[in-house]
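Worksheet: the structure to be examined is printed underneath.
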Amino acid sequence: MTLQVINRAEPITQRQPAARTRRHVLDLDDFSVEEVETVLETATRMKDVLSRPIKKVPTLRGKTLVTLFYEASTRTRVGFEVAAKALGADTVSVAAATSSVTKGESLIDTIRTLQALGADFVVMRHHQAGAPYVVADEVGSSVINAGDGWHAHPTQALLDLFTMRERLGRIAGLRVAIIGDILHSRVARSNLWGLTLMGANVVLCGPPTMLPEPSFCAGGLPWDLERTYQIDEALHGADVVMVLRMQLERQTGGLFPSLREYVRTYALTEERLAKAKPGALVMHPGPMNEGVEIDPKVARGVQSAIEAQVTNGVAVRMALLYLLSGLPA
Amino acid sequence: MPVLGQKNLLGADDIRRAIARLAHEVVEHNHGVESLVLVGLQTRGVPLARRLQDRIREFEGATVPVGELDISLYRDDVHQRAPRALSPTSIPVDISDKTVILVDDVLYTGRTARAALDALIDMGRPRAIQLVCLIDRGHRELPIRPDYVGKNIPTSRHEKVAVRLEEVDDVDEVVLIQGQDDS
Amino acid sequence: MIRLAGGRILDPASGRDEIGDLWLEDDLLLDRPADADEIVIDVSGFVVAPGFVDLHCHLREPGFEDKETIASGTSAAAAGGFTTVCALADTRPSIDTGSDVESVLTQARRDALVRVLPLGTTTKRRDGQELSEMADMAAAGAIAFSDAARAIRSASLMRHALEYSLLVERPIVSHAQDTDLVDGGVMHEGPVATVLGLKGIPREAEEIAVARDLALARLTGGRLHLAHLTTAGAVEQVRRAKASGVRVSAEVTPHHLTLTDSAVAGNGNGRMYDTNARTNPPLRSHADARALLDGLRDGTIDCVATDHSPQRWIDKACEFDQAEPGMSSLETAFGLLMRLVHAGALSLPDMIAALSARPAQAWGLPYGTLASGSSADVVVLDPDHAWVVDPERFLSKGKNSPLGGQTLRGTVLLTIAAGRIVYRNGV
């Protein structure tokens, strides 16, 4: 099998093979515009299925989806299980050891177990970047990355794109402000690939210790983006405000002094949201620290698409499973 | 395989007349239009269903609701080919207790119709389901029979019947294409 | 007696570059044929050079024989054209005393295909607390001291090590790295790490440590040898230090001269998160590689050393963060450096010098030369022959190389160590 890898010195406009020949979904960096469109259209059809009294079709009957989560997550794991079951597939959950894994022995051993299970799909979340790539190399199944360390969370980015288009009618030309700990965020990275591919304008905002070095975002990468430490600047004219979860462990890592200071400087309050365009969409990949990076009223407010993101997540994941099934061309 | 030849079976007028007759048959057999729902199978069953709706409206003065159904997710050969693009499935009324008139352009092995039955049953509990096909080309592989047929055309497995409609193909015709094994 | 006939004899140590014959008898080179039966090996069309000298090689024995042994490591060395390898002391147990040094030499006498010169540790058990018995080890044959990848954190201990080494006039080899600034990083801090979501190691982790070590070398007058430099900043510091008389020598690896951090992202050969491209210190940017090459050419960097670091499959077949760093590099060193020669960035004689005369000179070793009377260490090379790297076919137990599937131009045809043919391939 081959992984589609972009030569990063070339612009992302390089055409890649369509979704129908794809085996894995490890990151959005190797999706073409056409592929993303296919996923979004298919997800719309899947949403129809989910709106019926019987939220199920027999398409993937007889197929098995294995979830392999090294990091706890209710919404993503359940989202995939619901998606698989809605398509008639069977699901198996492999409980994986947590951080005391020694030297990757557990990962290789677990891979062998998955092969023995005859899994058609492996959905994997791991705390170390690149782990799904190791699995994809070794296993015959289709691998879907549900999050690997700081690196990627492609299904989140796809459901975010879907939600934006559903609520605002388009993606190209939107001004999207991503606020928070960008440096350690796989959601931010995958969204950067997705948004720049689909023609949105992105502005990154966060404390200096949590934004990638400017020189790292230039030079051929499609990440030559606007960046600011000031949230008001980022929100000005924004069509979408994407708030990232603030991980409390970063405080001890010396990256910011206190939660209080973070809230004062970066929390998305109603007052701050008013600085964005009227009707701007508020998004959050979850789980939220309400009262930290986002005010509860904003999270539940009329501009919030956060619940829609969760529902759309099932439809998008159904679309991916459907598109990955069938013989590779 | 190369397309060896193409034979015209029906022209635009033939299609128009067949549809008119089918519309009358449907209404006659059901003693009126009450509780009828026309459901066209993507892709070409949909414009056919709309044409039937137009004809029925002309002579009955009533509008039968039309829905569209994509059965890709119910096909029995999903894993033998690359995943197909999905078209919309949208039926504007609840089909429970209704008589659903499935409309397809060509009836062949019957597998599409079987998939459509499964899809409809997942969407509700119709009182009855009836099947309209513009062309029946034979070679059934399942015990499916049409209730209304536009034209019976015996074919061999190496032939293909292509229905072309203005709404999709900019022309109304039915042609027989030789030398294509589309089993 | 062996006569290597008709090759291009390239001996930078003596300035010799001409077509001719070379004679060897027993374990010495001669300047004229002796009266003895002659075995003639026709090497016309090829280059005859001094056997390469590697100042930095991990043979893993004793203690890590599943990764490599003296036997397998020296076979790999021979296949790479190396006739002298300096073995680092990060074995298990580490080489802390004279008898440890003796046991390595005894094993080498039994098993080694080429000459093995052992290093000793700088501090006992490499734990950065107490100095090792340098005098005892030097007497037993240790040629330098190094704690290998365990950078010495305490500036005062490093100062004492440099001072104490004056007793035995041996270099202290430093893996110059500020451990705190490394802070769990796994590759070069740059755009590639940012995109891959991996923690990076900034250049400053090396530059700060180099600054410290150079200052201490100046203070003490001790001999400092900086291992595997990777940054432009370090090169510039060494340049200035040498100009002002500090006794420092420096080495660079073939991979730091020719590969960059994009190798981790597969370089277009499809292997994302290629753990074989994880090295310590990490592969950095084009600009750094360029500065390292400039440093090699102007003498700031004395020589090339392979830092051959064989690992087991299981050490690399895992998540990037968990993977042991290191490249199995003996068998690809010549081919990789030839990329620079073929690109016109380095001349062939300069390259040969960087692998033979200059490492020997840096540490005062009587090798790396084809002068008459020296040890018969010779390598015959074909600078043009193209081959595809297949790590599974390495003689080293370590198959960990990011070059698998890539084409290199330049092969070793024949290696003679102390008069014995230890590798022969196609001539």
Checked A:94, A:57, A:33 against criteria (at negative phi and within 11 Å of chain B (Cβ to nearest Cβ)); the one match is A:57
Do we have residue A:264 as of a type outside the set (S, T, N, Q), modelled with pLDDT of 90 or more and surrounded by fewer than 14 Cβ atoms within 10 Å (Cβ to Cβ) here? yes
Residue C:144 passes all but one of the listed conditions (1) buried (at least 22 other Cβ atoms within 10 Å of the Cβ); (2) within 17 Å of the chain's Cα centre (by Cα); (3) aliphatic (A, V, I, L, M); (4) more than 16 Å from residue C:223 (Cα to Cα); the exception is number (4)
Which is at pLDDT 95 or above and surrounded by fewer than 16 Cβ atoms within 10 Å (Cβ to Cβ), of C:115, C:126, C:110? C:110
Looking only at residues in the range C:163-191 that are buried (at least 24 other Cβ atoms within 10 Å of the Cβ) and hydrophobic (A, V, I, L, M, F, W, C), which one is farthest from the other protein chains (Cβ to nearest Cβ)? C:172
Test residue C:307 against the stated conditions and say whether it is at pLDDT 95 or above and crowded, with 22+ Cβ neighbours inside 10 Å. yes
Does residue A:18 fit the bill of being within 11 Å of another protein chain (Cβ to nearest Cβ) and modelled with pLDDT under 95? yes
Within the range B:69-83, can one find any residue that is at pLDDT 95 or above and among the polar types (S, T, N, Q)? no
Scan the range B:124-145 and report the pairs whose first residue is within 19 Å of residue B:21 (Cα to Cα) and surrounded by fewer than 13 Cβ atoms within 10 Å (Cβ to Cβ) and whose second residue is hydrophobic (A, V, I, L, M, F, W, C) and modelled with pLDDT of 95 or more, with Cβ atoms within less than 8 Å and a gap of 6+ or a chain change. B:145/B:131
Filter the range C:182-217 down to residues that are at pLDDT below 95 and part of a helix (DSSP H, G or I) and give me whichever is farthest from residue C:135 (Cα to Cα). C:195
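Condition check ((1) within 14 Å of chain A (Cβ to nearest Cβ); (2) under 21 Å from residue C:347 (Cβ atoms)) across all residues:
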| position | (1), (2) |
| --- | --- |
| C:265 | yes, no |
| C:273 | yes, no |
| C:278 | yes, no |
| C:291 | no, yes |
| C:297 | no, yes |
| C:307 | no, no |
| C:312 | yes, no |
Among residues of the range C:196-231 being β-branched (Val, Ile, Thr) and surrounded by 24 or more Cβ atoms within 10 Å (Cβ to Cβ), the residue farthest from residue A:28 (Cα to Cα) is C:210
So the check is Cβ under 8 Å with 6+ separation or different chains; which pairs have a first residue in the range C:162-186 that's closer than 25 Å to residue C:117 by Cα and a second one that's among the aromatic types (Phe, Trp, Tyr)? C:165/C:145; C:170/C:145; C:171/C:145; C:171/C:363; C:172/C:145; C:173/C:145
Of all residues in the range B:39-50, which are crowded, with 24+ Cβ neighbours inside 10 Å and under 20 Å from residue B:172 (Cα atoms)? B:40, B:41, B:45, B:46, B:48, B:49
In this structure, does residue A:146 turn out to be at pLDDT 85 or above, more than 9 Å from chain C (Cβ to nearest Cβ), more than 17 Å from the chain's Cα centre (by Cα) and crowded, with 24+ Cβ neighbours inside 10 Å? no
For residue A:175, which of the numbered conditions (1) of a type in the set (Lys, Arg); (2) out of contact with any Lys or Arg (no Cβ under 9 Å at 6 or more places or on another chain); (3) in contact (Cβ under 8 Å) with a residue 12 or more places away in the chain fails to hold? (2)
If we take the range B:52-157, then strands (runs of 3 or more DSSP E) inside it with 3 or more residues that are away from chain A (no Cβ under 14 Å), of a type in the set (A, V, I, L, M) and out of contact with any Gly (no Cβ under 8 Å at 6 or more places or on another chain) are B:99-107, B:128-136
When residues of the range C:339-359 are limited to those that are touching a Gly at 6+ places or on another chain (Cβ under 8 Å) and either of a type in the set (S, T, N, Q) or crowded, with 23+ Cβ neighbours inside 10 Å (or both), the one farthest from the other protein chains (Cβ to nearest Cβ): C:357
Name the pairs: first residue in the range A:119-143 and facing chain C (nearest Cβ under 7 Å) and within 12 Å of residue A:153 (Cα to Cα), second residue of a type in the set (Gly, Ala, Ser) and assigned to a loop (DSSP other than H, G, I, E, B), Cβ to Cβ under 6 Å, at least 6 apart or on different chains? A:129/A:149; A:129/C:197
Whichever residue in the range C:1-20 is in a strand (DSSP E or B), within 20 Å of residue C:83 (Cα to Cα) and free of Cβ contacts under 8 Å to residues at least 60 places away in the same chain and, among such residues, is farthest from the chain's Cα centre (by Cα): C:3
Residue hits (the range A:275-292; farther than 13 Å from residue A:177 by Cβ and surrounded by 22 or more Cβ atoms within 10 Å (Cβ to Cβ)) are A:285
Among helices (runs of 4 or more DSSP H) entirely inside the range A:59-178, those with 2 or more residues being closer than 15 Å to residue A:324 by Cα and hydrophobic (A, V, I, L, M, F, W, C) are A:74-86
Could you list, ordered by first residue, the pairs with Cβ atoms under 8 Å in which the first is in the range C:321-343 and on the phi > 0 side of the Ramachandran plot and part of a loop (DSSP other than H, G, I, E, B) and the second is surrounded by 24 or more Cβ atoms within 10 Å (Cβ to Cβ) and of a type in the set (D, E, K, R), at least 6 apart or interchain? C:326/C:278; C:326/C:307
Looking at this structure, is residue C:364 of a type in the set (Gly, Ala, Ser), within 30 Å of residue C:384 (Cβ to Cβ) and either touching a residue at least 12 places away in the same chain (Cβ under 8 Å) or away from chain A (no Cβ under 14 Å) (or both)? no
Among A:181, A:120, A:148, which is the only one that is in contact with a Gly (Cβ under 7 Å, 6 or more places away or on another chain) and closer than 30 Å to residue A:44 by Cα? A:148
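The values are calculated or read from the model by the stated rules, or taken from the named source; none is laboratory data. This one's a predicted model, so the numbers in the text were calculated from it and none came from an experiment. Note: ideal-geometry Cβ built from the backbone for every residue, glycine included; neighbour counts use all protein chains shown.
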